[in-house]
1. Looking at segment 1-46, which of its residues are of a type in the set (V, I, T) and over 13 Å from the mean Cα position of the chain (by Cα)?
2. Is there a residue in segment 47-69 that is modelled with pLDDT of 95 or more, of a type in the set (K, R) and out of contact with any Leu (no Cβ under 6 Å at 6 or more places or on another chain)?
3. Report, by residue number, each residue of segment 64-83 that is out of contact with any Lys or Arg (no Cβ under 6 Å at 6 or more places or on another chain), surrounded by 15 or more Cβ atoms within 10 Å (Cβ to Cβ) and hydrophobic (A, V, I, L, M, F, W, C).
4. For segment 53-76, state whether one or more residues are in contact with a Phe, Trp or Tyr (Cβ under 7 Å, 6 or more places away or on another chain) and polar (S, T, N, Q).
5. Identify the single condition in (1) touching a helix residue (DSSP H, G or I) at 6+ places or on another chain (Cβ under 8 Å); (2) among the aliphatic types (A, V, I, L, M); (3) surrounded by fewer than 15 Cβ atoms within 10 Å (Cβ to Cβ) that L48 does not satisfy, given that it satisfies every other one.
Amino acid sequence: MSRGGRVTLDWADGTYPFALGIGQLEELQEKCDAGPWYIQWALQSAMLASGMGSQPPKDISPAYVSEVIRLGLIGGGMDAIPALKKVRAYVGPGQLAENLPFAFSIISVAIQGVPEDEPEKPEGESEMSANRSPEESSGSRKYTEPAQPSA
């Protein structure tokens, strides 16, 4: 399997593939004036705050939600104009909070991937490492006692 950072979600009026490749992440950073890790943190903080009935971080931008979803749709294969129209229809005022989990999922998969995306180990790798002692596996030098001078 490849690590595509792709996720399919039931969102808005259907089921859509979302992906944020390097190009989309760069555009996201440019549009939001924040890096993807900060945006991920801000979205998670806003979700946690919402769940506790408190205010989200003061500097979170609505663009964090709308741009992640729009660019995710484009990265998932949708043309730019239909993606923009979908976001305008489903991610507007009064709809941001309900879209937080979607935006968070999209950016998290782009940054961390999903367990199913983990690359497969080459055949025989697990057997080889299982037969090695911790000292052999560590890569550290072994300590040996200095030779005793002969009398």
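1. Scanning segment 1-46 gives T8, T15.
2. For segment 47-69, residues modelled with pLDDT of 95 or more, of a type in the set (K, R) and out of contact with any Leu (no Cβ under 6 Å at 6 or more places or on another chain): absent.
3. V65, V68, I69, L71, L73, I74, M78
4. No, because not a single residue in segment 53-76 is in contact with a Phe, Trp or Tyr (Cβ under 7 Å, 6 or more places away or on another chain) and polar (S, T, N, Q).
5. Unmet for L48, out of (1) touching a helix residue (DSSP H, G or I) at 6+ places or on another chain (Cβ under 8 Å); (2) among the aliphatic types (A, V, I, L, M); (3) surrounded by fewer than 15 Cβ atoms within 10 Å (Cβ to Cβ): (1).
The values are calculated or read from the model by the stated rules, or taken from the named source; none is laboratory data. Not measured: the values here are computed from a predicted model. Using ideal geometry, Cβ is built from the backbone for each residue, glycine included, and neighbour counts are taken over all protein chains shown.
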